[in-house]
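Data first, discussion second: the structure below is written as structure tokens.
The values are calculated or read from the model by the stated rules, or taken from the named source; none is laboratory data. Small disclaimer: the values here were computed from a predicted structure and weren't measured. Note: ideal-geometry Cβ built from the backbone for every residue, glycine included; neighbour counts use all protein chains shown.
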Amino acid sequence: MQSNIIRTALIVLRILIIALGCLWVMSAINADDPNGAVESLVSLNLYTGAVCVIAILGFGLFHFGQKLATQPKKAMGALIGFAVFIVAGVIAWSMADTTVTSAMLAGGATVTEQDVKIADASIQFIYILGLMAIGSILVVEGKSLLKNWL
């Protein structure tokens, strides 16, 4: 029952994100200001990222609460996942660069150091999460191979 509710909520969230993204891109393309499209698409990226983070944290907290009520020991795994997610975000934020280059300003859009830091931290965060995903896959598959081999 609960898995159907979660699955339905995820489907609705995906459809909503896709529909809003399509509307936003169409409005950016039809903008009168030549820089408006670029600024709108940058804003779209930021808003989409915020929605994704909220969805990750929301569903994570939901599952944590659900596990805490039924299986408290397994809830610690979710808590460790949150901690790793937050640590990866802090590492990405601390590694982010704030240098505004002339190429960024060439289009005429206003770019601040904070904009550059957010963009760079987002990229670093995706790299860190990707490396962690690859590492976890290698560990799990390595354990499986060793278990079957021995």
With the structure loaded, tell me whether Ile91 is surrounded by 13 or more Cβ atoms within 10 Å (Cβ to Cβ) and modelled with pLDDT of 80 or more or whether it fails that test. yes
The lone condition Ile118 fails out of (1) aliphatic (A, V, I, L, M); (2) assigned to a helix (DSSP H, G or I); (3) free of Cβ contacts under 8 Å to residues at least 60 places away in the same chain is (3)
Return the residues of region 94-134 that are touching a helix residue (DSSP H, G or I) at 6+ places or on another chain (Cβ under 9 Å) and modelled with pLDDT under 80; say none if nothing qualifies. Val100, Thr101, Met104, Gly107, Gly108, Ala109, Thr110, Val111
